[in-house]
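This is the structure, below, for whatever I ask next.
The values are calculated or read from the model by the stated rules, or taken from the named source; none is laboratory data. Values in this document were obtained by computation on a predicted structure and should not be read as measured data. Cβ placement follows ideal geometry from the backbone for every residue including glycine, while neighbour counts extend to all protein chains displayed.
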Amino acid sequence: MSTMHAINLLKVPSWSSSTVASTTDLTYNPTHPLPVPSPTQLLIRIHATAITPYELSWEYPPSATEPRIPCHDIAGVVVSAPEDSGFQIGDRVFGLLGFYGQGGLAEYTVAEEKYLAKIPEGMGFVEAASLGRAGLTVFEGLRVRNGGVVREGSKVLVLGATGAVGRMGVQCIRHWVGASGKVIAMGGEGTAELKSLGADAVFNYREEPNWVDLVKNLGEVDVIFDCVGKKTLEVAIPLVRNGGKIVTIGSPPPAISGVKGWDEVEKRGDGFFFIVDGDGDLLGEVAGLYEKGVIKASVSNVVEGLSEKGVQEGWALALKGGVKGKPGTTVVKVL
């Protein structure tokens, strides 16, 4: 077998062009070349892969392989591995693949071992595919970078808490801050459910446009974890105490989107924007929290198979926030 079924992204944004892709550029290809692993790579049979909606706008370097296969959160089974690998044929694995390589919207993919972790018992492939990017973003931003900004007893405000990363953030932060800490969550539809995930106070910006004042009434926070950016981040900056920290993944970065007050935050060393990297060791920690029952997956919608129509419709729905009343990640069940 030298080819495989895949979904290709035919119109690819790049550093050297102003191309903009849309869901109609996601096209079924029954004869995409089967990837051949290098001596350091594993070959993985994909069972599920998660859609990151705004990947359609991400720019690739001119050297990126085409046609592109999107979706880099993957879960599957090891088909082959280097002799000295920590993984064996048949192992169930999940990971966040390097963005400049090919993604997982296909029957097979290749991956360096450093991006992978074993799927724990009791976790399905769909759940595993939904956890990678969200879990790694929360761990890297709040527990790794700058020595970790969330600790036991911290009071943390999560902006955009009803998205996949925000929901993961609420759960992990609740665990890390303990009974002496506080988790305040601001989101949209599905905000009320965040209390069951560990939030002490929740605010729906659509129903409570004065949410900033309501948060202010609770006192200054130690940390803001921002998943929105732009104006939302701008109005929230005064809510953090002197010396408190702000971690943002809101796109575009605040320095580019012109968030007022961000320059001062950066100059003081009190805030940073980052883009998550794949990390198998950190994924192992995410899996550990799942096994302990600290976190659970948030899957909004499951697309069955590598159907061009199904993937296009699922992606379009993800761009709108997923299934109404069911916030979370859209996952393609490949096998």
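Out of all the residues in region 20-50, which are under 25 Å from LEU131 (Cβ atoms) and either touching a Cys at 6+ places or on another chain (Cβ under 6 Å) or not in a loop (DSSP other than H, G, I, E, B) (or both)?
Those that are under 25 Å from LEU131 (Cβ atoms) and either touching a Cys at 6+ places or on another chain (Cβ under 6 Å) or not in a loop (DSSP other than H, G, I, E, B) (or both): THR23, LEU26, GLN41, LEU42, LEU43, ILE44, ARG45, ILE46, HIS47, ALA48, THR49, ALA50.
Tally the residues that are assigned to a loop (DSSP other than H, G, I, E, B) and either surrounded by 24 or more Cβ atoms within 10 Å (Cβ to Cβ) or among the basic types (Lys, Arg) (or both), restricting the search to region 108-122.
Residues in region 108-122 being assigned to a loop (DSSP other than H, G, I, E, B) and either surrounded by 24 or more Cβ atoms within 10 Å (Cβ to Cβ) or among the basic types (Lys, Arg) (or both): 1 in total.
Quickly run through region 79-89 and pick out the residues that are more than 22 Å from LEU282 (Cα to Cα) and among the small types (Gly, Ala, Ser).
If the condition is that a residue be more than 22 Å from LEU282 (Cα to Cα) and among the small types (Gly, Ala, Ser), then SER80 is the only one that fits.
Could you please find all residues in region 150-201 being at pLDDT below 95 and hydrophobic (A, V, I, L, M, F, W, C)?
ALA164, ALA192
Filter region 53-92 down to residues that are at pLDDT 95 or above and of a type in the set (Ser, Thr, Tyr) and give me whichever is surrounded by the fewest Cβ atoms within 10 Å (Cβ to Cβ).
Within region 53-92, the match that is surrounded by the fewest Cβ atoms within 10 Å (Cβ to Cβ) is SER80.
If you go through region 100-140, how many residues are under 27 Å from TYR28 (Cβ atoms) and of a type outside the set (A, V, I, L, M, F, W, C)?
Looking only at that region, the number is 14.
Return yes or no: is GLY103 under 28 Å from LYS324 (Cβ atoms), assigned to a loop (DSSP other than H, G, I, E, B) and of a type outside the set (Phe, Trp, Tyr)? Step through it out loud before you land on a result.
Values: under 28 Å from LYS324 (Cβ atoms): yes; assigned to a loop (DSSP other than H, G, I, E, B): yes; of a type outside the set (Phe, Trp, Tyr): yes.
Against the criterion (under 28 Å from LYS324 (Cβ atoms), assigned to a loop (DSSP other than H, G, I, E, B) and of a type outside the set (Phe, Trp, Tyr)), GLY103 qualifies.
Identify all residues within region 56-100 that are assigned to a loop (DSSP other than H, G, I, E, B) and within 19 Å of the chain's Cα centre (by Cα); write none if there are none. Before you say what the answer is, go through the steps one by one.
Taking region 56-100 and keeping what is assigned to a loop (DSSP other than H, G, I, E, B), we get 58-59, 61-67, 69-72, 81-91, 97-100.
Once the filter is applied, which keeps residues that are assigned to a loop (DSSP other than H, G, I, E, B) and within 19 Å of the chain's Cα centre (by Cα), region 56-100 yields TRP58, GLU59, ILE69, PRO70, CYS71, HIS72, LEU97, GLY98, PHE99, TYR100.
Still on this structure: For the condition free of Cβ contacts under 8 Å to residues at least 24 places away in the same chain and either surrounded by fewer than 15 Cβ atoms within 10 Å (Cβ to Cβ) or in a helix (DSSP H, G or I) (or both), what is the one hit in GLU234, GLU264? Break it down into steps so the answer makes sense when it comes.
On the way: GLU234 fails: free of Cβ contacts under 8 Å to residues at least 24 places away in the same chain.
Residue meeting the stated conditions: GLU264.
While we're here: How many residues are of a type in the set (S, T, N, Q) and not in a strand (DSSP E or B) when one looks only at region 243-259?
From region 243-259, those of a type in the set (S, T, N, Q) are 248, 251, 257; that's our starting set.
Checking which are not in a strand (DSSP E or B) leaves us with 251, 257.
Of the residues in that region, 2 qualify.
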